[in-house]
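**Q** Below is a structure I'd like to ask you about.
The values are calculated or read from the model by the stated rules, or taken from the named source; none is laboratory data. All of these numbers come straight from a predicted model, not from anything done at the bench. As a convention, Cβ positions derive from the backbone with ideal geometry for all residues, glycine included, and neighbour counts pool all protein chains shown.
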Amino acid sequence: MPFRPPAAFAAALAALILTPLTAAAPAAAQDKDGQSPNLKLVLPAVDAERGRQLFITKGCVYCHAVNGVGGKAAPALDSDAAEPIVNLTDFAARMWGGAPAMIELQEMDLGYQIQLSGDELAHLAAFANDPAEQKKLAEDQVPELMREWYLDEVPTAQ
Ligand code: HEC
């Protein structure tokens with residue numbers, strides 16, 4: 001099921017998107033809310049169900065657990081919010097923060113660095129913020145071969 005943002009979020013988003021169209025062109029580069037009237041913002045569609053699938057197929061599940069499914073080498077990515085609010089930039093920033101450790105571990109244990117498109121990142125962010133979709137993640141959705149490769153601790157470099 002595609003992710004449907006709560007109404008308040010949708011309204012805020014609409015305001016953000018419509019601002020450049022409706023605002024009378026101010027002399028300054030930014031208006032009073034700090035928005036550039038010329039800003040063209042592209043927002044990818046988010047789909048938490050696609051995110052749940054990508055969480056497995058992209059291999060996040062090797063190191064991260066959700067709903068108790070997955071490895072324990074990295075922090076669990078269970079959502080602690082009751083209401084799903086997908087903040088894409090916040091999610092990307094959190095991944096950026098974890099990137100050095102993540103990439104090193106991926107190269108050591110998977111032998112490659114996981115590649116993600118912008119859309120895929122958006123779906124993963126939606127999944128990380130959707131408690132209902134997270135509850136649907138079950139062990140039997142992860143191929144057996146992958147389950148054998150769950151990383152439960154950070155290996156020490158030799
Ligand atoms: C090989 C292991 C590994 C894989 C695979 C992996 N991660 Fe990570 N990830 C880590 C580790 C370790 C950290 C913690 C880094 C730190 O604490 O500095 C982390 C941190 C994160 C964080 C920040 C957590 C926080 O709350 O600060 C996010 C978000 C994240 N990973 C998302 C993902 C996603 C999405 C995928 C799949 C596309 C993925 N990770 C794949 C090991 C991995």
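**Q** Step by step: first the residues of the range 127-143, then only those that are part of a helix (DSSP H, G or I) and more than 11 Å from the ligand (Cβ to nearest atom), then the one that is surrounded by the fewest Cβ atoms within 10 Å (Cβ to Cβ). Which residue is that?
**A** The qualifying residue surrounded by the fewest Cβ atoms within 10 Å (Cβ to Cβ) is Asp140.
**Q** Only one of (1) within 14 Å of Lys136 (Cα to Cα); (2) within 13 Å of the chain's Cα centre (by Cα) fails for Cys60. Which number is that?
**A** It fails just one condition, (1).
**Q** Report, by residue number, each residue of the range 37-64 that is surrounded by 14 or more Cβ atoms within 10 Å (Cβ to Cβ) and small (Gly, Ala, Ser).
**A** Ala48, Gly51, Gly59
**Q** Do we have Met102 as of a type outside the set (Lys, Arg), surrounded by fewer than 17 Cβ atoms within 10 Å (Cβ to Cβ) and more than 13 Å from Gln53 (Cα to Cα) here?
**A** No.
**Q** Enumerate the pairs (first residue in the range 39-60 and more than 12 Å from Gln134 (Cα to Cα); second residue anywhere and away from the ligand (no atom under 15 Å from the Cβ)) with beta-carbon separation below 6 Å, excluding pairs fewer than 6 apart on the same chain, so at least 6 apart or on different chains.
**A** That search, which allows pairs on different chains as well, returns Leu39/Pro20; Val46/Phe3; Asp47/Pro2; Asp47/Phe3.
**Q** For the range 63-73, which residues satisfy the criterion of being more than 10 Å from the ligand (Cβ to nearest atom), out of contact with any Asp or Glu (no Cβ under 6 Å at 6 or more places or on another chain) and outside any loop (DSSP other than H, G, I, E, B)?
**A** Answer for the range 63-73, where residues must be more than 10 Å from the ligand (Cβ to nearest atom), out of contact with any Asp or Glu (no Cβ under 6 Å at 6 or more places or on another chain) and outside any loop (DSSP other than H, G, I, E, B): just Ala65.
**Q** In this structure, is Ala76 surrounded by fewer than 16 Cβ atoms within 10 Å (Cβ to Cβ), within 11 Å of the ligand (Cβ to nearest atom), at pLDDT 95 or above and more than 11 Å from the chain's Cα centre (by Cα)?
**A** Values: surrounded by fewer than 16 Cβ atoms within 10 Å (Cβ to Cβ): yes; within 11 Å of the ligand (Cβ to nearest atom): yes; at pLDDT 95 or above: yes; more than 11 Å from the chain's Cα centre (by Cα): yes.
Yes; evaluated as a whole, the condition is true for this residue.
**Q** While we're here: Determine the pairs where a residue that is of a type in the set (S, T, N, Q), located within the range 113-126, has a partner that is surrounded by 16 or more Cβ atoms within 10 Å (Cβ to Cβ) with Cβ atoms under 7 Å apart, the partner being 6 or more residues away or on another chain.
**A** Gln113/Gln106
Every residue, every condition in (1) away from the ligand (no atom under 13 Å from the Cβ); (2) in a loop (DSSP other than H, G, I, E, B); (3) modelled with pLDDT of 95 or more, yes or no:
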position: Gly51; (1), (2), (3): no, no, yes
position: Val61; (1), (2), (3): no, no, yes
position: Asp80; (1), (2), (3): no, yes, no
position: Pro84; (1), (2), (3): yes, yes, no
position: Gln106; (1), (2), (3): no, no, no
position: Tyr112; (1), (2), (3): no, yes, no
position: Gln158; (1), (2), (3): yes, yes, no
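**Q** Tell me the residue from Leu116, Leu124 that is modelled with pLDDT of 95 or more, of a type outside the set (S, T, N, Q), on the phi < 0 side of the Ramachandran plot and in contact with a Gly (Cβ under 6 Å, 6 or more places away or on another chain), please.
**A** None of the other options fit; the residue is Leu124.
**Q** Something else about it: Given the residues Arg147, Arg94, which is the only one that is surrounded by 14 or more Cβ atoms within 10 Å (Cβ to Cβ), without any contact (Cβ under 8 Å) to a residue 12 or more places away in the chain and within 8 Å of the ligand (Cβ to nearest atom)?
**A** Details: Arg147 fails: within 8 Å of the ligand (Cβ to nearest atom).
Exactly one residue qualifies, and that residue is Arg94.
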